[in-house]
Amino acid sequence: MLELYLKLNCEFTDAEKEACIPIIKRIVELAQQTRLKGLLSLGDGLETEQNFFLTTGLMMAVDSIDAETISEYLQILILADNRKGSELLERMIITTGILEIVSGNNPRAIALKLAAMLGEEYLKRGAEYYR
């Protein structure tokens with residue numbers, strides 16, 4: 001994901017970063033759910049998930065598609081849709097979050113990594129995203 005970030009030469013405003021905080025919180029919730037109930041539990045309630053990009057990645061994880069394939073697929077979608085601003089940043093956060101969940105990483109560590117994607121100020125607030 002870092003390579004894609006650098007390739008796109010991304011710069012985001014504070015407002016665009018703030019707009020991504022709810023998705024970080026949602027991904028951390030999903031990481032907590034996975035830790036308690038397992039990866040297959042992510043399939044529960046997917047039909048009510050509002051974010052198509054998140055749902056697509058989660059379905060792939062539930063279907064036991066390997067992390068590398070999920071990463072490639074989601075990065076292709078990011079590039080194909082030519083999103084900008086908070087939509088682009090949100091998709092990069094979702095991709096990273098799903099890969100972290102699939103890897104079985106600790107929800108607190110996931111919260112911090114995703115917060116770091118927003119910058120140092122947000123990383124300092126990272127514990128807020130883990131509740």
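What follows draws every value from the coordinates through simple rules; no lab data is involved. Quick caveat, the model's predicted, so the values are computed rather than measured. Positions of Cβ are backbone-derived with ideal geometry, glycine not excepted, and every protein chain shown enters the neighbour counts.
Between ALA109 and THR13, the modelled label-to-label distance comes to 3.6 nm, taking each label 7 Å out from Cα in the direction of the beta carbon.
Calculated mean residue ellipticity at 222 nm for the chain: -20000 deg cm²/dmol, from DSSP H runs with n ≥ 4 weighted as -39500 (n - 2.57), summed, divided by the residue count and rounded to 500. Taking a Cβ cut-off of under 11 Å around PRO22, the surrounding Lys, Arg, Asp and Glu residues balance to a net charge of -1, with basic ones at +1 and acidic ones at -1.
Protection proxy ranking, highest mean first, for peptides 55-65, 23-33: 23-33, 55-65, where packing is the per-residue count of other beta-carbon atoms within 10 Å, averaged. The relative contact order of the chain, computed from alpha carbon pairs under 8 Å that lie at least 6 residues apart in sequence, is 34 percent. Using only the Cα atoms of the chain, build the gyration tensor, take square roots of its eigenvalues as a ≥ b ≥ c, and label the shape rounded, prolate or oblate: rounded if a/c is under 1.5, else prolate if a/b is larger than b/c, else oblate. Here the chain falls in the oblate category. On the beta carbon distance between ASP44 and ASP81, with R0 = 25 Å, the FRET formula returns roughly 0.35. Each other residue within a Cβ distance under 14 Å of GLY85 adds +1 if Lys or Arg and -1 if Asp or Glu, for a net charge of -3.
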